[in-house]
Amino acid sequence: MFIPTKAVSILLAFLAVGFASPTPGLVAAGNTVMINSATDFCMIAPSKMRTPILVSDLPSEAQSYCSESTDPQDRLPYFWINGPPTLDKGEGARGLPYIQLTGCINPDAFDHLDPNDHGGQYYSGGESGEPGNPIGSSCTGYNYYVECIDPAAHLAGIRCCQDSVDCPTNRLLEGCKEVIRGNYPC
């Protein structure tokens, strides 16, 4: 039996669409961060207990946790020390707005953090087309974000920006205090 090439191509296209699965992270509702205030915010953290930040770079290994979540599994425990995080709003290098939280943390208060971990970054995709970490993550109301958690140094910060210049994702080795300059009263 002869099947025309065009018919086979169409059939394969339908099968590919029907059996295709979405890319992990791109459709996950749990990878959005936000900053409304020093007490109402969401941050990304490892989804499994005592996981180093760099290990949680893998798809589905990190998720959003919120300070005001009604779901106990998605609630970020109060892990700030020396007072609540510092909220700062301003204009970035090119005059576009940003908002950020910075502060000192007790990694033992959040069992998903490894207290001996020297941390890493989570971030949205950038202008050069990188997918972000976790893939497809974003900050509500802003074009970009960068987050730094360093459990061993007791530091955490998150910045949401309209301009990618103000949310650098290429300075991983410089640490939280350099990537997200702010108040870290440790």
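Scanning region 58-87 for residues that are in contact (Cβ under 8 Å) with a residue 40 or more places away in the chain, among the hydrophobic types (A, V, I, L, M, F, W, C) and surrounded by fewer than 17 Cβ atoms within 10 Å (Cβ to Cβ) turns up just one, Ile81.
Scanning region 25-35 turns up at least one residue that is under 14 Å from Glu147 (Cβ atoms) and modelled with pLDDT under 95.
Of all the residues in region 72-97, those that are in a loop (DSSP other than H, G, I, E, B) and at positive phi number 1. Of all residues in region 172-183, none satisfies being assigned to a loop (DSSP other than H, G, I, E, B), small (Gly, Ala, Ser), closer than 16 Å to Ser56 by Cα and at pLDDT below 95. If I filter region 69-78 for residues that are over 17 Å from Glu147 (Cβ atoms), of a type in the set (Ser, Thr, Tyr) and touching a helix residue (DSSP H, G or I) at 6+ places or on another chain (Cβ under 9 Å), do I get at least one hit? The answer is yes, given that some residue of region 69-78 is over 17 Å from Glu147 (Cβ atoms), of a type in the set (Ser, Thr, Tyr) and touching a helix residue (DSSP H, G or I) at 6+ places or on another chain (Cβ under 9 Å).
One residue stands out among those in region 47-57 that are farther than 14 Å from His118 by Cβ and touching a helix residue (DSSP H, G or I) at 6+ places or on another chain (Cβ under 9 Å): the one that is surrounded by the fewest Cβ atoms within 10 Å (Cβ to Cβ), which is Lys48. For region 155-171, a tally of residues being surrounded by fewer than 20 Cβ atoms within 10 Å (Cβ to Cβ) and touching a Cys at 6+ places or on another chain (Cβ under 8 Å) returns 0.
A single entry from Glu130, Glu174 fulfils the requirement of being free of Cβ contacts under 8 Å to residues at least 40 places away in the same chain and under 15 Å from the mean Cα position of the chain (by Cα): Glu130.
Within region 135-162, the set of residues being more than 19 Å from Gln100 (Cα to Cα) and either under 10 Å from the mean Cα position of the chain (by Cα) or at pLDDT below 90 (or both) comprises Ile135, Gly136. Of all the residues in region 82-120, those that are more than 20 Å from Val165 (Cα to Cα) and among the small types (Gly, Ala, Ser) number 4. If the condition is being at pLDDT 95 or above, of a type in the set (Lys, Arg) and more than 14 Å from Ala38 (Cα to Cα), then region 71-113 contributes only Arg94. Any chance you could count how many residues in region 154-176 are within 14 Å of Tyr144 (Cβ to Cβ) and in contact with a Phe, Trp or Tyr (Cβ under 7 Å, 6 or more places away or on another chain)? Going through region 154-176 one residue at a time, the tally reaches 9.
Looking only at region 88-115, count every residue that is under 22 Å from Ser60 (Cα atoms) and not hydrophobic (A, V, I, L, M, F, W, C) and tell me the total. Residues that pass the stated criteria total 5.
The values are calculated or read from the model by the stated rules, or taken from the named source; none is laboratory data. Predicted model, so just to flag it, every value in this text is computed and none were measured. Counting neighbours? That spans all protein chains shown, and the Cβs are built from the backbone with ideal geometry, glycine included.
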